[in-house]
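Below you'll find the structure, written out as structure tokens, and then a few comments.
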Amino acid sequence: METGALVCTAALIGLGLYWFVWVMGSAEQKGKRAVELKMGSISRDKVQDKYKQYWSFFRRPNEISESARRRRSPHIYEWGWGQSFHFSPSLAGRSHLEATRIHEERASDLIGARPGHRILDVGCGVGGPMRAIAAHSRSNVVGITINEYQVSRARAHNRKAGLDSLCEVVCGNFLQMPFPDSSFDGAYSIEATCHAPKLEDVYGEIYRVLKPGGLYVSYEWVTTPLYRPEDPEQVEVIQGIERGDALPGLRRQDEIAQIAKKVGFEVVREEDLARPPAGPWWARLKMGRLAYWRNHLVIKALSFLGIAPKGVADVHEMLFLTAAHLSRGGETGIFTPMHMILCRKPLDNAAA
Ligand SMILES: C=C(CC[C@@H](C)[C@H]1CC[C@H]2C3=CC[C@H]4[C@H](C)[C@@H](O)CC[C@]4(C)[C@H]3CC[C@]12C)C(C)C
Ligand SMILES: C[S@@+](CC[C@H](N)C(=O)[O-])C[C@H]1O[C@@H](n2cnc3c(N)ncnc32)[C@H](O)[C@@H]1O
């Protein structure tokens, strides 16, 4: 390349990086530097290995190690999406942040969280929902996540938001929770229990730690009755979602209540919150198409310059593809990430 062209290219990359890293900041925290971009709790030199391990998981799902599962959630989510790792119906005249908060407060209202209550957040991520619910209900929220990096992020965000007296975060497996029986007044899970290989295992644990009479609400990722497993195009979409989001396999909508009942819950209400008149939850993914390309180019440049760890660009590309599968699943109505189920642990009859 000629010297002039080289200088121009370098200047363009430099300007682009400056604009993105210092001017744009993250989805939720303007001014945060993209150079802080790292892959959850994975050290920078291991990102590429973990990316390969991630794909091999789909060939040998039973062999994935505990440490690999702990490290699956990438920091790209927080950087590109915000502190709440879930979808919400879009609302006319409201920002994504507002729509997200409203979707979270709805869960809090459904379980009747109030001051003095001890509420469990199953699979709490970096705590976006936990802070919204604690602030809205003034209840004490205890979150559990298997990802150590998320625990430290969630605790830091709680302190920063001045909510650390109401919010507590525990590192642990929601299939074997370190809590005594009947120790919570209510519980919720937002787009997290889809990670459990067997839903009855996590629902059984939630049932155990809830007090009799306590309510539990979950927003589940499921295929809808519109899904036709004999249609190869639809299968490609559903498998793309499962692969891209490291899921053990999506459940059918009609399986959820059966499983809840099987572990002992009474099912109070069930509703797909994505159905009209709800606005499309996937709109946010579609609207960001330009932004994906911008992020992609910057990540490529950061990797090339050695600022971002190797493998981030691969993860980003995989997420880009996943976003297309998710949007398609939403548009065709064969998939929903917000099948709401509200359950109650029956009152202890023996004690009555
Ligand atoms: C509930 C889960 C996570 C759901 C979502 C929070 C994430 C699913 C797909 C993710 C993303 C896709 C595209 C990325 C984009 C290419 C990048 O430039 C910026 C980040 C994305 C928008 C990213 C953000 C998080 C998701 C929407 C699963 C794990 C059960
Ligand atoms: C998509 S994120 C949703 C996070 C959060 N509910 C939110 O909406 O921001 C899924 C969460 O489930 C957690 N998770 C997955 N498997 C888990 C397990 N076996 N035990 C505890 N947490 C788990 C992940 O670490 C992550 O925090």
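Nothing in this text is a laboratory measurement; each read-out follows from the coordinates by a stated rule. Here the structure is a predicted model, which is why all the values come from computation and not from measurement. Here the Cβ positions follow ideal geometry from the backbone for every residue, glycine too, while neighbour counts run over all protein chains shown.
For this structure, a couple of remarks:
- When you count the other C-beta atoms within 10 angstrom of each residue and take the mean per peptide, 173-184, 253-264 line up highest first as 253-264, 173-184.
- Listed residue (Leu273, His325, Thr336) projecting farthest to the positive dipole end of the range 246-352, Cβ model: His325
- Once C-alpha pairs closer than 8 Å and six or more residues apart are averaged by separation and normalised to the residue number of the range 252-352, the relative contact order reads 50 percent.
- Taking Leu226, Leu163 and counting other C-beta atoms within 10 Å, the order from fewest to most: Leu226, Leu163
- Value of Rg/Rh across the range 85-166 [Cα atoms, Kirkwood radius]: 0.96
- Here each label is just a point 7 Å from Cα along the line to Cβ, and for Ala92 and Met318 those points are 4.0 nm apart.
- The convex hull around the C-alpha trace of the range 169-309, projected and averaged over every direction, spans 12.0 square nanometres.
- Integer Hz, Karplus 6.51/-1.76/1.60 couplings in order for the range 322-339, x for Gly and Pro: 4, 4, 5, 5, 4, 4, 5, x, x, 4, 7, x, 8, 9, 9, x, 9, 7
- Rounded to the nearest 20 debye, dipole of the range 163-316 from Cβ charges on Lys, Arg, Asp, Glu: 580 debye
- Counting neighbouring Cβ atoms within 10 Å and putting the fewest first, the residues Cys194, Cys171, Cys343, Cys124 line up as Cys171, Cys194, Cys343, Cys124.
- Summing Cβ point charges (Lys, Arg +1; Asp, Glu -1) relative to the Cα centre of the range 225-267 gives a dipole of roughly 260 debye.
- For q = 0.15, 0.26, 0.28 Å⁻¹, Debye-computed log10 I/I(0) when each Cα of the range 171-238 counts as one equal scatterer: -0.58, -1.18, -1.29
- Exposure proxy shown here: for Tyr216, Tyr149, the number of other Cβ atoms within 10 Å sets the order, fewest to most, as Tyr149, Tyr216.
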